[in-house]
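Asker: Take a look at this one; I'll ask things after.
The values are calculated or read from the model by the stated rules, or taken from the named source; none is laboratory data. The structure presented is a predicted model; accordingly, all values stated were derived computationally and were not measured. Methodologically, a virtual Cβ is constructed for each residue, glycine included, from the backbone with ideal geometry; neighbour enumeration extends over all protein chains shown. The area values use the complete protein model at the heavy-atom level, side chains included, leaving out ligands, DNA and RNA. Shrake-Rupley method; radii C 1.70, N 1.55, O 1.52, S 1.80 Å.
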Amino acid sequence: MPAPRLLFVCLGNICRSPTAEAVTRALAEARGLPLSIDSAGTGDWHLGEPPDRRMRDAAARAGYDLGDLRARQVTADDFGRFDILYAMDRQNLRDLEALHPGGESAELRLFRGHDPEGGAGRAADVPDPYLEGGFDGVVRLIERTSTRLLDEMARDGLA
């Protein structure tokens with residue numbers, strides 16, 4: 001069975017989705033789980049830029065390195081290259097649904113659907129720290145959710 005291919009998606013690909021990429025990759029590697037992981041944004045404002053300095057600092061405090069990551073935008077090809085596209089919030093999910101070219105088998109899901117402390121409505125969103133702050137809390141939320149995601153994948157024999 002090929003390694004599951006996961007794409008984490010937020011708005012600009014400089015805060016939440018690159019953090020989810022780095023955290024999930026590190027946790028999967030620590031468990032020896034073979035996954036293909038990437039991240040992208042629905043917008044094009046930050047193409048080629050590294051993650052936001054505040055997010056890199058918060059991730060580093062938690063033991064994760066975002067330094068090599070660069071922002072990119074979701075493409076139509078991503079819907080065929082990845083098995084699951086994880087939206088960081090409900091607006092990102094709506095944007096992905098609108099971008100979906102059809103005919104591709106990628107599943108679209110909310111990332112916090114795996115969060116043991118997640119919920120409905122706004123609680124289903126990973127807060128965007130770019131304007132709101134709270135970078136350390138977002139890293140902890142992503143770590144918690146990624147841990148549960150990997151637990152579920154391992155339990156279901158997907159990784």
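Asker: For segment 76-98, which residues satisfy the criterion of being open to solvent by less than 60 Å² (accessible area, probe 1.4 Å) and either of a type in the set (S, T, N, Q) or within 20 Å of Pro129 (Cα to Cα) (or both)?
Answerer: Those that are open to solvent by less than 60 Å² (accessible area, probe 1.4 Å) and either of a type in the set (S, T, N, Q) or within 20 Å of Pro129 (Cα to Cα) (or both): Tyr86, Ala87, Met88, Asp89, Asn92, Leu93, Asp95.
Asker: Out of curiosity, is Ala28 open to solvent by less than 20 Å² (accessible area, probe 1.4 Å), farther than 18 Å from Val138 by Cβ and modelled with pLDDT under 95? Explain how you work it out, then say what you get.
Answerer: Details: open to solvent by less than 20 Å² (accessible area, probe 1.4 Å): yes; farther than 18 Å from Val138 by Cβ: yes; modelled with pLDDT under 95: no.
No: the conditions fail for Ala28.
Asker: Quick check on segment 102-121: of everything there that is part of a helix (DSSP H, G or I) and under 15 Å from the mean Cα position of the chain (by Cα), which residue is surrounded by the most Cβ atoms within 10 Å (Cβ to Cβ)?
Answerer: Applying the filter and picking the extreme gives Phe111.
Asker: If the requirement is being within 25 Å of Asp136 (Cα to Cα), in contact with an Asp or Glu (Cβ under 6 Å, 6 or more places away or on another chain), surrounded by fewer than 23 Cβ atoms within 10 Å (Cβ to Cβ) and not polar (S, T, N, Q), which of these qualifies: Ile37, Ile14?
Answerer: Ile37
Asker: Within segment 5-64, take every residue that is in contact (Cβ under 8 Å) with a residue 60 or more places away in the chain and of a type in the set (D, E, K, R) and give me the one that is farthest from Leu131 (Cα to Cα).
Answerer: Arg31
Asker: Report whether or not Glu49 is of a type in the set (Asp, Glu) and under 21 Å from Arg144 (Cβ atoms).
Answerer: Details: of a type in the set (Asp, Glu): yes; under 21 Å from Arg144 (Cβ atoms): no.
No, not satisfied.
Asker: Do we find that Asp77 is out of contact with any Lys or Arg (no Cβ under 8 Å at 6 or more places or on another chain) and closer than 19 Å to Glu107 by Cα in this structure?
Answerer: In short, yes.
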